[in-house]
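Q: Before I ask anything, let me first share the structure, which is written out below as structure tokens.
The values are calculated or read from the model by the stated rules, or taken from the named source; none is laboratory data. Note that the structure is predicted; figures quoted are calculated from it, not measured. Using ideal geometry, Cβ is built from the backbone for each residue, glycine included, and neighbour counts are taken over all protein chains shown.
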Amino acid sequence: MKILLAVVFLFLLGVDMVFFENIADQIIYLYYSGKITLLLFYLVVSFLGFLSISMIFFISNKIIYIFFLLFLVVTYAIDAVYKNINSVGFSLNDLTVALAEVDAFAIDALKTYATALEKTALLVVMLFIFAYIIRKIVHKHHFYVSLKLFIPLFLVASLLSYFIFFRTLGATQSRPTSLKVSTIISYYATNSLYYGEHQTLKKELATTSKYKNIILIVDESIGGKYLSINGYDKETTPYLKSIKKQYINLGLASSSANCSASSNILLMSGIQPTQLPDTANNILKQPNIFQYAKKAGYTTHYISGQSINDRLQNYMSPFDLKFIDDFSQPKEKYRHKTMPEEDVVVATKKALQQSQKNFIYIVKHGAHFQWENSYPKKNKIFLPTLGSEDALTLDKKEEAINSYLNAIRYNVDLFFQKFLQEVAFFERDDTLIIYTSDHGQSILEEGRVATHCDSTNPPLSQGIVPLLLFTPKNDTLMNSFEFKQNIYSHYEIMPTIKKLMGYEVEAKTFFDVKENNYTQEFVSGDIFGRASLEFNDINLK
């Protein structure tokens, strides 16, 4: 029995090393970092972890054996899918994104990452075949282990794995993969975020507001470098190019984060990089942009083209709705109508028909994958493209980029052609539109198929977004200021809006002169400090 247990132990160890993280690399890293105590703890926890899951195959009770076998296979499958997508594997950030978007983009994700699922299926089959062979031998020779030995060992290994994750914020994760995945899920479940009322806004207005209507449009997955108005060699934004005197192009900006939920909630809260990671959950507690707008006399509108019905997203809660006068989302999932994002256009037009001051926060559907399904086939300009059901694969990079460019031309360029016309923007002298995207997009870069939300060493393109200011024709405030290009950040958007509403602000705005040592950066990982957070300088200077 000891020999068979050793065989299972070495097999599972080999699976981890071949399909997931090279344990030797982690050992070497901890050793040369001088973290000897952590290294010894890592080795002990990993040994106990592999030993405990090796015993699964020797459980005599059939029902308990099947339960733990499925636990082993499912956890390995989860990590393998993410490893094939982002080259790193499953993380707390991935769990957060999956839970937030499962009902909105699950089918799109399955289609886009079908190749990763296929590769994972091979591992699953291999595990089941191995389990079948080992189980046959166990039955034949009655090599069973007592549950009194297995359960305590498994619980101890799980608790120690949780402890090492907790102490290092996920930077060091013990093996095997099964305990890594279950630890992440347990850690997420036991470290919930703040859920409650926002603090009362005590800040007073210093001056009068500069615009009757302020509209912030946050697009989805629009990489700034792919807009031809920013120098891209294919004409993705011909309409915007034709009206270039009607807006101020601030060029390539850095997003606040490379993931939609994090980026949007950072925009709404106005939290600055120096306040991250936000372990106190101030992002969810402090007054948000809607509270500032209401106190400044604006009617507040939240218009989304992503979520449906009353489903909240981007860390928003019912407590946010107290400060939103008009909450508008479509009744059904995004589909092409008579114009790009018709629901957004119609809701905005309706909001602007009212006589009062308006602050409008728009979340567009944008160019979210699958790109081929985000624009009508009659708008297929750039060829060749992916098929509507094709997965992202490294051998189809040209097709993937063309599909994405078509999505941009339709959902950005044609959108603005329709949107500006429908809301009668050119006839107004009282409206400012700030346009950006929640994050950028990496298309099959660095051997990865993930397009955004990579928590570890993300491609910098995931944090590069467009930034445009649509201003009234006779706007003396904006037109008198000498803006530059490629030096701005999401973190300046809310301070700028608050300043335009009439508040004094301490954080940097678009109007502040940049010092030589300024950085354009975006964060990746968990903004609330439950796991590691990385700051990524996009170096556009």
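Q: Under 31 Å from the mean Cα position of the chain (by Cα) and hydroxyl-bearing (S, T, Y): is that true of Y82 in this structure?
A: Answer is yes for this residue.
Q: Still on this structure: Select the strands (runs of 3 or more DSSP E) contained entirely in region 291-392, then report the ones holding at least 3 residues which are outside the structural domain of Y113 (by TED's automatic domain parsing), closer than 25 Å to A257 by Cβ and under 23 Å from the mean Cα position of the chain (by Cα). Walk me through it before giving the result.
A: Values: elements: 299-304, 326-328, 358-363.
Hits in region 291-392: 299-304, 358-363.
Q: Still on this structure, please answer the following. In contact with a Ser or Thr (Cβ under 8 Å, 6 or more places away or on another chain), modelled with pLDDT of 95 or more and outside the structural domain of A400 (by TED's automatic domain parsing), is that true of L153? Before you say what the answer is, go through the steps one by one.
A: Working: in contact with a Ser or Thr (Cβ under 8 Å, 6 or more places away or on another chain): yes; modelled with pLDDT of 95 or more: yes; outside the structural domain of A400 (by TED's automatic domain parsing): yes.
In short, yes.
Q: Could I ask something else about it? Search region 184-242 for residues being in a loop (DSSP other than H, G, I, E, B) and aliphatic (A, V, I, L, M), and hand back the single one that is nearest to Y435 (Cα to Cα).
A: Step one: of region 184-242, the residues in a loop (DSSP other than H, G, I, E, B) are 191-212, 220-223, 227, 231-237.
Filter once more, so that each one left must be aliphatic (A, V, I, L, M): 193, 201, 205-206, 222, 227.
Numbers: L193: 29, L201: 26, L205: 25, A206: 26, I222: 11, L227: 13 Å.
This residue is I222.
Q: So, one more: Looking only at region 450-460, decide whether some residue is in contact with a Cys (Cβ under 8 Å, 6 or more places away or on another chain), touching a residue at least 60 places away in the same chain (Cβ under 8 Å) and on the phi > 0 side of the Ramachandran plot.
A: Yes; the residues of region 450-460 include at least one that is in contact with a Cys (Cβ under 8 Å, 6 or more places away or on another chain), touching a residue at least 60 places away in the same chain (Cβ under 8 Å) and on the phi > 0 side of the Ramachandran plot.
Q: For region 1-29, give me the residue count where each residue is within 29 Å of the chain's Cα centre (by Cα), in a helix (DSSP H, G or I) and of a type outside the set (V, I, T).
A: 6
Q: Same structure again: When both residues are 6+ apart or on different chains and their Cβ atoms are under 7 Å apart, which pairs have a first residue that lies in region 33-57 and is closer than 20 Å to F128 by Cβ, and a second that is polar (S, T, N, Q)?
A: Sorted first by the residue in region 33-57, then by its partner, the pairs are I53/S178.
Q: For the structure I just gave you, tell me whether N282 is surrounded by fewer than 22 Cβ atoms within 10 Å (Cβ to Cβ), free of Cβ contacts under 8 Å to residues at least 40 places away in the same chain and under 13 Å from G196 (Cβ atoms). I'd like the intermediate steps shown before the answer.
A: Values: surrounded by fewer than 22 Cβ atoms within 10 Å (Cβ to Cβ): yes; free of Cβ contacts under 8 Å to residues at least 40 places away in the same chain: yes; under 13 Å from G196 (Cβ atoms): yes.
Here the answer is yes, as N282 does meet what is asked.
Q: OK, next. Within region 494-521, how many residues are part of a helix (DSSP H, G or I) and among the small types (G, A, S)?
A: 0
Q: Still on this structure, please answer the following. If you take the residues of region 433-488 that are small (G, A, S) and part of a loop (DSSP other than H, G, I, E, B), which of them is farthest from L92 (Cα to Cα)?
A: The extreme case among them is S480.
Q: List every residue pair whose Cβ atoms lie under 9 Å apart, where the two residues are 6 or more positions apart in sequence or sit on different chains, the first residue falls within region 128-154 and is closer than 20 Å to F11 by Cα, and the second residue, located anywhere, is among the small types (G, A, S) and not in a helix (DSSP H, G or I).
A: Short answer, once both residue conditions are applied: V138/S60; Y144/S60; V145/S60.
Q: Counting only residues that are in a strand (DSSP E or B) and either at pLDDT below 90 or farther than 14 Å from C259 by Cβ (or both), how many does region 522-541 have?
A: In the first step, residues of region 522-541 are kept if they are in a strand (DSSP E or B); the result is 522-525, 533-537.
Cutting the leftovers down to either at pLDDT below 90 or farther than 14 Å from C259 by Cβ (or both) gives us 535, 537.
Here the count works out to 2.
Q: Which residue out of T496, T471, T476, T451 is out of contact with any Pro (no Cβ under 8 Å at 6 or more places or on another chain), among the β-branched types (V, I, T) and within 30 Å of A114 (Cα to Cα)?
A: On the way: T496 fails: within 30 Å of A114 (Cα to Cα); T471 fails: within 30 Å of A114 (Cα to Cα); T476 fails: within 30 Å of A114 (Cα to Cα).
Criteria check complete, one pass: T451.
Q: State whether the residues of region 458-468 include one that is farther than 28 Å from K337 by Cβ, among the polar types (S, T, N, Q) and out of contact with any Lys or Arg (no Cβ under 7 Å at 6 or more places or on another chain).
A: Yes, region 458-468 contains at least one residue that is farther than 28 Å from K337 by Cβ, among the polar types (S, T, N, Q) and out of contact with any Lys or Arg (no Cβ under 7 Å at 6 or more places or on another chain).
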